[in-house]
């Protein structure tokens, strides 16, 4: 399974405005990278390139997250659809976007699709599940006072048996 995330679509759903998104872009992507680890699948966030970007796609990684900035002549949507078309197994590709047209086209090519809201909800459930498991597995460490008390009881019982 591989997740293709429509970058600006996701970030604009999380933030209230374009300005807020640009100010917090790296922080949001870092948090997303930490969360995506819970899914245990690779993920690529695709952003629309800008006019000043080079004619080839730029790729970089941020923790577990691959990020691609498309060539300035190609949209993120087109890049994602091309990646699905070139996939040897499109059913293992999942597109994350609230752009319903992109999701429709991805499904026509055999990929799965989720809206940003569905995806974030799934991540949230995974986080809660992980926290619940961690709470169950939490090791209880006795205080030094309690350890001394227990040791005294143990030693007294040991002496009684001797």
Worksheet item: So which residues in region 6-43 are over 10 Å from the mean Cα position of the chain (by Cα), outside any helix (DSSP H, G or I) and crowded, with 17+ Cβ neighbours inside 10 Å, if there are any at all?
Response: 6
Worksheet item: Among the residues of region 62-81, which ones are touching a strand residue (DSSP E or B) at 6+ places or on another chain (Cβ under 7 Å) and either over 21 Å from residue 22 (Cα atoms) or surrounded by fewer than 16 Cβ atoms within 10 Å (Cβ to Cβ) (or both)?
Response: 79, 80
Worksheet, complete the sentence: residue 66 vs (1) in a helix (DSSP H, G or I); (2) within 17 Å of residue 97 (Cα to Cα): all pass except (1)
Worksheet item: Given the structure, is residue 110 in contact with a strand residue (DSSP E or B) (Cβ under 9 Å, 6 or more places away or on another chain), surrounded by 14 or more Cβ atoms within 10 Å (Cβ to Cβ), at pLDDT 95 or above and part of a loop (DSSP other than H, G, I, E, B)?
Response: yes
Item to complete: Would you mind telling me which numbered condition in (1) out of contact with any helix residue (DSSP H, G or I) (no Cβ under 7 Å at 6 or more places or on another chain); (2) surrounded by 14 or more Cβ atoms within 10 Å (Cβ to Cβ); (3) not in a helix (DSSP H, G or I) residue 122 fails?
Response: (3)
Worksheet entry | region 100-122 residues that are free of Cβ contacts under 8 Å to residues at least 40 places away in the same chain and on the phi > 0 side of the Ramachandran plot, paired with ones that are outside any helix (DSSP H, G or I) and surrounded by fewer than 18 Cβ atoms within 10 Å (Cβ to Cβ) (beta carbon under 9 Å, 6 or more apart) | 110/87; 110/89
Worksheet, complete the sentence: Note on residue 155: of the conditions (1) surrounded by 13 or more Cβ atoms within 10 Å (Cβ to Cβ); (2) out of contact with any helix residue (DSSP H, G or I) (no Cβ under 6 Å at 6 or more places or on another chain), unmet is (1)
Discussion item. Among the residues in region 30-42, are any closer than 24 Å to residue 121 by Cα, in contact with a helix residue (DSSP H, G or I) (Cβ under 6 Å, 6 or more places away or on another chain) and in contact (Cβ under 8 Å) with a residue 40 or more places away in the chain?
Written reply: yes
Worksheet item: In region 54-101, how many residues are modelled with pLDDT of 95 or more and under 16 Å from the mean Cα position of the chain (by Cα)?
Response: 5
Discussion item. Condition check: part of a helix (DSSP H, G or I) and modelled with pLDDT under 85. Does residue 135 satisfy that?
Written reply: yes
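The values are calculated or read from the model by the stated rules, or taken from the named source; none is laboratory data. The model shown is predicted, which means the values in this text are computed figures rather than measured ones. When we count neighbours, we look across all protein chains shown, and the Cβ atoms used for this are built from the backbone with ideal geometry, even at glycine.
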